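The values are calculated or read from the model by the stated rules, or taken from the named source; none is laboratory data. Just so it is clear, the structure is predicted and the values come from calculations on it, not from any experiment. A quick note on method: Cβ atoms are made from the backbone with ideal geometry, for glycine too, and the neighbour counts reach across all protein chains shown. Ligands, DNA and RNA are excluded from the accessible area calculation, which covers all protein heavy atoms including side chains. Shrake-Rupley method; radii C 1.70, N 1.55, O 1.52, S 1.80 Å.
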Amino acid sequence: MEQLLPILIQEYNVLKQYAKEFYKQTSMHEYTKSFDIFDTAILVSIISVLGLWALRNLRFPNKDYNQSFFGYFKAQIFIFLVNYCPGVNSYIEKQKAIALESFSSSMEKMTSKKTLKIPENGIDSDTMMDKMNEWIERDSKHNGSGKVSGSLYVMPDKQFIKNAQDFCKHFIYSNPMHADLWPATRQMEAEVIRMTGDLFGQEKEGIGIVTTGGTESIILAMLAYRNWGESQKGINKPNIVIPETAHSAFYRAGEYFKIQVRVAKIDQSSFQVDINDLRAKIDSNTVCIVGSFPNFGYGTSDPIEQLASIAKKKKIGLHVDACLGGFTAVFAKDHGVDLGKFDFTLDGVTSISCDQHKHGLAPKGVSTVLFKTKQLREHAFFSLATWSGGAYAVPSMQGSKCGANVAGAWFTLQSIGKKKYIDYSKKIMDATQSLVKSLSEIPEIKVFGNPQINCVAFMSKETWLNVYAIHEILTHQGWTISSVQKPAGIHISLTLQNIGNLKQYVHDIKAAIEKIKANPKEYKKGGEMGTVYGTTQRIPDSKLANQAIKVYLDSLLKI
Ligand SMILES: Cc1ncc(COP(=O)(O)O)c(C=O)c1O
């Protein structure tokens with residue numbers, strides 16, 4: 001320190017000299033020549049006040065974790081132009097209004113006889129039943145078409161569906177939050193956790209929470225890790241490391257709970273998470289890592305055993321997202337397919353999300369998040385012992401909730417039974433294999449990785465073939481399938497409703513490719529999806545791109 005100080009003072013003097021020389025060159029010098037000490041003090045005070053005001057009020061948005069500095073800089077300039085340049089903001093608002101109009105007009109086509117106010121006198125039940133039948137008929141347009149990806153998972157068995165409806169309808173007014181009033185739904189909830197936990201290696205007792213769907217299950221798991229990290233490790237700037245293919249619910253948890261989301265790259269041939277990249281992104285503020293089994297977009301599964309050993313070594317959580325794949329994958333070994341371990345039999349797995357309302361075949365609105373320990377689960381619970389309305393505690397995001405959801409899950413698990421689940425799992429996994437084989441034989445496209453469980457996606461191998469154009473053509477033929485991005489592809493989620501129609505799917509894809517080949521110019525832009533993704537990806541700031549697609553939500557909620 002003694003030697004360092006004179007050097008620092010010398011450096012400071014040199015810098016000061018430079019600054020003085022520079023200042024003398026500027027015209028400011030002329031104005032300040034006559035300043036006395038009082039003027040200088042006033043000037044310094046004004047600059048300090050302005051500086052403090054700027055520090056407090058001019059907030060620059062945080063850089064996204066994976067965003068380059070150049071990307072961030074570009075986005076900030078773009079935001080500045082949008083906010084302060086006359087004309088730019090109004091231009092964007094105009095474009096949003098046009099988009100809203102276009103979304104709303106497609107909603108209008110699916111809307112009839114609007115009701116804007118409650119009627120003066122209640123409508124009689126015959127009229128209501130007529131209305132119900134009209135709506136059921138209109139909404140069942142796609143039922144049984146075999147052309148829908150995911151969405152409706154239950155087997156096409158009218159009697160089973162009717163029985164489920166009959167069972168659930170008795171619980172639509174019950175509320176598991178009031179266990180004293182509705183002990184049946186309380187019991188069903190605990191039993192759904194127990195039965196589901198049993199499938200994932202919870203041998204002695206079920207430790208989980210029943211939620212409204214996969215998204216809530218994931219959000220609650222992330223909440224638990226955030227709170228666990230804070231209370232056990234003193235982490236107040238938590239982060240999670242997720243594969244790029246992980247579900248959007250993880251980002252949502254990040255946004256809701258101020259958890260930084262670090263995105264690990266995907267290996268471009270296996271479409272599994274790049275383990276080295278994931279490992280490199282873990283630091284002392286990481287509360288958990290994530291693996292999907294499988295992911296929604298590409299149907300590929302991450303190497304859970306490797307992730308579990310990383311999580312164990314680093315003493316952090318590993319959440320396995322088996323929302324989509326869980327009820328297919330857990331029965332794979334029963335029909336002779338070894339998918340490797342992905343459940344609590346692995347030491348490092350600390351939570352799992354699994355949806356009854358997907359391949360559990362239950363009516364909508366029910367999923368389960370399972371935890372390795374009660375201590376971890378407790379971090380997702382909410383309680384307020386001192387509330388003026390009385391001591392309050394709930395396990396999930398909801399307060400009051402409908403007992404029919406859990407009743408639907410309980411009914412389904414009980415009435416289908418293990419043997420049938422094994423049979424359905426085999427059917428779905430066999431169909432997955434055969435679809436992968438058929439698509440692999442089409443020279444112009446390539447299946448992403450090696451999907452084994454229940455969904456499959458493909459990309460284009462040809463520069464003249466915009467994969468979204470295939471989507472456009474299939475949509476016009478009545479297919480409701482998803483388009484994925486980064487990289488661009490088309491995804492189908494296999495269900496008991498559509499596996500009988502996959503030959504037609506492959507046939508229609510081949511025909512679409514031929515059509516595009518005959519006229520590549522016409523299909524170059526890839527139709528509606530090509531335009532949507534093309535536009536959103538050109539917007540330099542993700543927050544603005546998000547705002548743009550929120551216009552769609554406005555149209556959903558407009559009548
Ligand atoms: C892998 C995966 N995780 C989570 C979810 C979210 O589930 P939900 O739509 O029930 O909220 C989905 C939905 O498709 C999914 O595929």
Handout entry: 222 nm mean residue ellipticity, helices alone, for the chain (DSSP H n ≥ 4; -39,500 (n - 2.57); rounded to 500)
Key = -16000 deg cm²/dmol
Handout entry: residue 92/residue 205 FRET efficiency (R0 41 Å; Cβ-Cβ; nearest 0.05)
Key = 0.15
Problem - Distant-in-sequence amide H partners of residue 455 (H built 1.01 Å from N, under 5 Å) - result: 494
Problem - FRET efficiency, 1/(1 + (r/R0)^6) with R0 51 Å, evaluated for residue 21 and residue 480 via beta carbons - result: 0.10
Completion exercise
Taking a straight Cα-to-Cα line shorter than 20 Å from residue 521, and setting aside same-chain lysines fewer than 8 residues away, one finds 461, 510
Exercise for the section: Place +1 on the Cβ of every Lys and Arg and -1 on the Cβ of every Asp and Glu in the chain, take the dipole about the Cα centre, and give the residue among 483, 335, 145 whose Cα lies farthest towards its positive end. Expected result: 483
Exercise for the section: Multiply the residue separation of residue 137 and residue 437 by 0.36 nm, subtract the distance between their alpha-carbon atoms, and state the gained length in nm to one decimal. Expected result: 104.3 nm
Handout entry: Inter-label distance, nm, simple model (7 Å from Cα along the C-beta direction), residue 374/residue 260
Key = 3.6 nm
Exercise for the section: Work from the charge dipole of segment 11-138 (Cβ charges, +1 for Lys and Arg, -1 for Asp and Glu, about the Cα centre) and give the residue of 71, 118, 99 farthest towards its positive end. Expected result: 71
Exercise for the section: Take every Cα pair under 8 Å in segment 256-332 that's 6+ residues apart, average their separations, divide by the length, and report that relative contact order as a whole percent. Expected result: 27 percent
Exercise for the section: Please give the length that would be gained between residue 462 and residue 77 if that part of the chain were fully extended, namely 0.36 nm times their separation in residues minus their C-alpha to C-alpha distance (nm, one decimal). Expected result: 135.0 nm
Exercise for the section: Using per-residue counts of other Cβ atoms within 10 Å, averaged over each peptide, order 385-397, 504-516, 356-368 from highest down. Expected result: 356-368, 504-516, 385-397
Handout entry: Inter-probe distance in nm under a simple model that places probes 7 Å from Cα toward Cβ, at residue 120 and residue 166
Key = 4.2 nm
Problem - Solvent-accessible area per residue for segment 281-408 (1.4 angstrom probe, square angstrom) - result: 37 Å²
Practice task
Please report, in debye to the nearest 20, how large the charge dipole of segment 187-342 is about its Cα centre when each Lys and Arg carries +1 at its beta carbon and each Asp and Glu carries -1 there.
Solution key: 700 debye
Exercise for the section: Starting with the highest mean, order 493-499, 37-43, 313-319, 419-425 by the number of other Cβ atoms within 10 Å, averaged over the residues of each peptide. Expected result: 493-499, 313-319, 419-425, 37-43
Completion exercise
In nanometres, the difference between 0.36 nm per residue of separation and the alpha-carbon distance of residue 38 and residue 414 is 126.8 nm
Problem - Modelled FRET efficiency - R0 45 Å, residue 158 with residue 101, Cβ distances, 0.05 increments - result: 0.70
Practice task
Can you send over the solvent-accessible area of residue 186, 1.4 Å probe, protein chains only, in Å² to the nearest 10?
Solution key: 110 Å²
Problem - Of 383, 370, 414, farthest towards positive along the dipole that unit charges on Lys, Arg, Asp, Glu beta carbons give segment 281-423 - result: 383
Practice task
Scan around residue 292 for amide H atoms under 5 Å from its own, H built in the peptide plane at 1.01 Å from N, and keep only partners 5 or more places away or cross-chain.
Solution key: 302, 321
Problem - Cross-link pairs beyond the 26 Å C-alpha cut-off, checked among 131/420; 114/141; 96/517; 233/401 - result: 131/420; 96/517; 233/401
Problem - Relative packing of peptides 166-174, 146-154 - highest average C-beta neighbours within 10 Å first - result: 146-154, 166-174
Fill in the blank from the handout: On the accessible surface of the chain, probed at 1.4 Å with all protein chains in place, carbon and sulfur together account for a percent value of 58 percent
Problem - Cα-based shape type of the chain, given that a ≥ b ≥ c are square roots of the gyration tensor eigenvalues and the cut on a/c is 1.5 - result: prolate
Practice task
Helix by helix through the chain, keep the DSSP H runs that span 18 Å or more along the axis on Cα and average at least 0.0 on Kyte-Doolittle, and give those back in order.
Solution key: 37-57, 69-84, 542-556
Exercise for the section: Would you work out if segment 277-384 is rounded, prolate or oblate? Take a ≥ b ≥ c from the square roots of the eigenvalues of the alpha-carbon gyration tensor; rounded if a/c is under 1.5, else prolate when a/b is larger than b/c, oblate otherwise. Expected result: oblate
Problem - Total charge dipole magnitude, the chain, about the Cα centre, Cβ charges on Lys, Arg, Asp, Glu only, Debye to nearest 20 - result: 400 debye
Problem - Spin-label pair residue 517/residue 191, simplified geometry with 7 Å Cα→Cβ offset, distance in nm - result: 5.7 nm
Practice task
Find how many whole Å separate the alpha carbon centroid of segment 339-392 from the alpha carbon centroid of segment 203-258.
Solution key: 10 Å
